[in-house]
Amino acid sequence: MNIALIGYGKMGKEIEQIAVERGHLIVAKFDIDSPLPSPNSPLYGSTPIDCCIDFSTASAVAVNVTTLVQSGIPLVIGTTGWSAEMENIRNIVKTNNGSVVYSSNFSLGANIMFRLVEAASVIFNHYDQYDISVHETHHMMKKDAPSGTALTIANKVLTHIDRKKKITSTTPSKEELFVSSSRVGTVVGEHAVRFNSLADDIVISHTAHNRSGFALGAVLAAEWIVDKKGLYSFEELLWDQYNTEIKK
């Protein structure tokens with residue numbers, strides 16, 4: 001595949017390495033000094049691009065999606081902090097018959113954790129002596145808090161735990177799910193869900209040791225989205241790939 005990168009920071013460089021190892025070519029790199037061209041740019045005719053992978057900024061997501069779906073180029077969105085624009089993005093993709101896959105976290109391990117949290121939440125819904133909380137830790141340069149991954153986990157808990165109605169980051173009531181954040185040094189990413197009772201604790205956690213897991217997931221997403229149309233979450237593609245389903 002010919003892949004273009006939007007954002008060429010630490011994640012962009014990690015994706016480049018993984019993509020090359022998997023036999024792909026990086027044919028273009030776009031960043032703040034060399035932005036993604038408009039849909040009518042001659043670049044798209046002269047440089048064959050099979051997919052773009054975007055780890056840039058939340059404020060650029062809508063423009064990047066519009067540009068690429070109008071240019072007929074599939075897109076992987078790894079940028080977080082744009083969930084408020086989901087309906088707008090969905091309409092852009094649908095109107096232009098585009099191909100887009102997104103995730104708050106492309107780590108295979110994190111997505112497996114999502115499924116474990118869902119399964120556990122189904123069970124703990126029947127045992128109201130357990131309270132639930134979510135905590136995440138990231139490096140000091142991360143801008144959004146709680147992280148997109150923490151919010152994904154929290155929403156999965158809310159979907160299956162009837163006694164929890166909404167998310168809070170302040171002192172919670174019984175109906176609120178407490179989601180907390182820490183920003184420390186160079187931590188790549190840690191997420192944990194705690195099910196707590198007087199008798200015991202059960203904790204489901206994921207710790208990223210480096211960025212390679214995120215990069216691999218993003219490249220896998222690029223490989224999977226090229227022959228599909230529509231807006232997909234990485235979870236959908238991942239579990240469709242393995243024909244895995246959680247009974248709800």
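If you roll a 1.4 Å probe over the heavy atoms of the protein chains, what accessible area per residue do you get for the stretch 113-218, in Å²? Before the final figure, lay out the partial values.
Details: 5550 Å² over 106 residues.
About 52 Å² of surface per residue is accessible.
Less than 19 Å apart at the alpha-carbon level, and either on another chain or at least 8 residues along: which aspartates and glutamates does that give for K13?
The qualifying aspartates and glutamates are E21, D31, D33, D50, D54, E223.
Please give the Cα centre distance for the stretch 120-187 versus the stretch 10-49, rounded to the nearest Å.
35 Å
Hey, what angle do you get for helix 148-160 against the long axis of the chain, alpha-carbon based, 0 to 90 degrees rounded to 10?
Taking Cα atoms only, the helix is inclined about 50 degrees.
With the Cα gyration tensor of the chain in hand, give its eigenvalues times 5 under a square root as the equivalent ellipsoid semi-axes, listed largest first in whole angstrom.
Values: eigenvalues 237, 66, 55 Å².
For the chain, the semi-axes come out at 34, 18, 17 Å.
Once the Cα atoms of helix 61-70 and of the chain are each reduced to a long axis, what angle between those two axes, in degrees from 0 to 90 to the nearest 10, is obtained?
Between helix and principal axis, roughly 50 degrees.
With springs only between Cα atoms under 10 Å apart, run a GNM on the chain and tell me which of K143, K29, K156 wobbles the most.
Top of the fluctuation ranking is K143.
At 7 Å along the Cα-to-beta-carbon direction for both V187 and D162, put a label point, then send me their distance in nm to one decimal.
Roughly 3.5 nm, to one decimal.
Quick check: the angle from helix 212-225's long axis to the longest principal axis of the chain, C-alpha only, nearest 10 degrees?
60 degrees
Over the stretch 133-244, how many pairs of lysines fall under 19 Å by alpha carbon, counting only those 8 or more apart in sequence or from different chains?
Details: K156/K164; K156/K165; K156/K166; K156/K174; K164/K174; K165/K174; K166/K174.
Qualifying lysine pairs in the stretch 133-244: 7.
The values are calculated or read from the model by the stated rules, or taken from the named source; none is laboratory data. Quick caveat: nothing in here was measured; it's all calculated off a predicted structure. Note that each Cβ is placed from the backbone with ideal geometry, even for glycine, and that neighbours are counted across all protein chains shown. Heads up: the accessible areas ignore ligands, DNA and RNA and are worked out on the full protein's heavy atoms, side chains in. Shrake-Rupley method; radii C 1.70, N 1.55, O 1.52, S 1.80 Å.
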